[in-house]
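Worksheet: one structure, shown below.
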Amino acid sequence: MSWPTQHETNTARDDGLAPHGGIQQLSATAARDRLVVVGAGAIGAAVAWAAAREGVAGEVVLLDPEPGGGASHVAGGMLGPVTEAWAGEPEVLEMGSASVARWPAFADAVAADAGRPVGLRTEGILQVAVDSTDVASLDRMCKHFQDRGFHGLEPLTGDEVRRREPALGTSVRAGLAIPGDLAVDNRALLAALTAAGEAQGVVFCRARGARVVDDGERVTGVEVEGRVLAAGRVVVAAGAWSSGLHPVLADRVRPVKGEILRIRARPSSPLPPVHTIRTAVEGRPVYLVPRPRGRLVVGATQHDAGFDPDVLVGGVRNLLTDVEQVLPGVADYALEETAASFRPCTETNMPLLGPVGPEGLFAATGHGRNGLLLVPLTVEALTAVLRGQDLPGVAAPAAAARATAYV
Ligand code: GLY
């Protein structure tokens with residue numbers, strides 16, 4: 001294995017996503033002040049960028065064999081704390097709402113450092129209903145959130161939905177406009193986070209962190225290709241793979257597979273929606289998230305079945321059948337991509353944030369369906385704990401150290 005210079009490892013590929021190079025040859029004195037972030041999805045890349053920007057470590061190393069890959073690469077990019085809320089999870093809703101409110105300022109800060117946009121969309125989300133049960137549940141959803149002080153929700157008839165989005169079919173019987181829920185172009189975000197990290201001096205290492213190493217009391221580094229990359233602090237942001245990195249995280253994060261499609265309107269196709277559209281067909285959630293130049297991400301299936309990487313024919317069929325319920329012209333679209341990845345889910349649907357286990361180990365993982373949504377709040381939380389402060393109050397229920405038996 002070669003040990004390239006920092007200049008070499010910070011050279012970006014043409015797509016702006018993946019600087020090349022292995023791990024660095026770094027001086028022993030720097031090691032104590034080195035922070036290694038394991039995992040360069042949106043969470044890890046954002047935490048590394050912010051840590052470097054805020055100067056919370058002498059050196060920030062971002063470790064990933066495939067930066068910008070994994071679930072962040074496949075994600076639809078819905079930032080929908082209200083749209084995706086599940087009854088009985090008030091803390092998830094509270095964290096999601098706090099994070100979506102932080103998204104515009106976060107996007108501006110990343111874009112300013114990156115010199116490129118992050119692809120934030122502010123048109124809002126339209127939740128639509130296609131049968132009478134769904135119409136009734138939209139009514140309940142609207143009342144539930146209005147009673148809790150969420151403003152701006154707007155119930156719509158089917159015709160009102162179609163006036164806003166003419167491509168939606170007559171099967172749509174009602175809708176709810178949720179203007180505070182947003183969306184982001186995941187791949188634009190990943191490219192921007194890479195550029196912003198480079199601008200702040202993050203050292204990108206294209207290698208796999210096999211496990212966090214500690215001496216029984218505190219973190220000493222990360223095992224990489226049979227050697228130990230010495231570090232005083234380590235953030236585990238390895239998504240669905242996080243559980244394997246340290247015994248204190250064992251069994252706390254599991255993969256939940258999701259499949260998506262990427263489709264493109266052709267000149268003959270009905271114009272694609274401008275808003276993010278979400279619905280449920282026979283209980284299966286399905287959503288359409290707009291991308292530039294007539295493209296849409298259609299997502300997503302959900303299978304709690306381990307690390308099965310295949311996109312299944314049945315998954316594609318279900319997504320197409322379900323999306324055709326609301327977008328009848330979809331058959332004329334070009335099918336550009338199918339993909340699968342793994343949401344990092346926890347038992348409680350809360351992420352794991354902050355210090356955990358030996359001194360110097362931090363978690364930024366377990367974000368489940370809400371990874372992109374929770375990026376700004378995660379950044380704020382990890383920056384605080386890396387400075388030696390407490391987790392911000394709204395993130396406190398996600399403290400990773402809760403329910404661990406590490407001594
Ligand atoms: N947040 C959407 C999904 O996980 O499919």
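Beta-bridge orientation, the chain: approximately 70 percent antiparallel, per DSSP, counting only bridges with both partners inside. A dipole drawn for the chain from +1 and -1 charges on Cβ atoms has a positive end, and of 222, 195, 97 the residue lying farthest that way is 195. Any idea what % of Cα-Cα pairs in the chain are farther than 30 Å? Roughly 40 percent, rounded to a whole number. Charging the Cβ of each Asp and Glu at -1 and of each Lys and Arg at +1, and nothing else, the dipole of the chain about its Cα centre rounds to 380 debye. The 3J(HN,Hα) values that the Karplus relation (6.51, -1.76, 1.60; θ = phi - 60°) gives for the range 345-355 are, in residue order, 9, 10, 4, 9, 6, 9, x, 10, 10, x, x Hz. Gly and Pro appear as x.
Under 5 Å from the amide H of residue 62 lie the amide H atoms of 37, 203, 204, 205, each residue being 5 or more positions distant or on a separate chain, with H modelled from the backbone and absent for Pro and chain starts.
Averaging the Cα positions of each part gives two centres, and for the range 54-69 and the range 273-311 these lie 30 Å apart.
Based on Cα contacts under 8 Å between residues 6+ apart, the chain shows a relative contact order of 22 percent.
For the range 259-298, the residue among 274, 260, 288 whose Cα projects farthest onto the positive side of the dipole built from Cβ charges is 274. The value of relative contact order for the range 260-322, using C-alpha pairs under 8 Å at least six residues apart, is 35 percent. What you get for the range 246-386, charging only the Cβ of Lys and Arg (+1) and of Asp and Glu (-1), is a dipole of about 440 debye around the Cα centre. For the range 303-372, the residue among 370, 311, 358 whose Cα projects farthest onto the positive side of the dipole built from Cβ charges is 358.
The ellipsoid equivalent to the alpha-carbon distribution of the range 349-404 has semi-axes of 16, 13, 9 angstrom, derived from the gyration tensor eigenvalues as √(5λ) and listed largest first.
Values in this text are rule-based calculations from the coordinates and carry no lab data. Bear in mind that the values here come from a model prediction, so they are computed numbers and not experimental data. Glycine also receives a Cβ, built like all others from the backbone with ideal geometry; neighbour counts cover every protein chain displayed.
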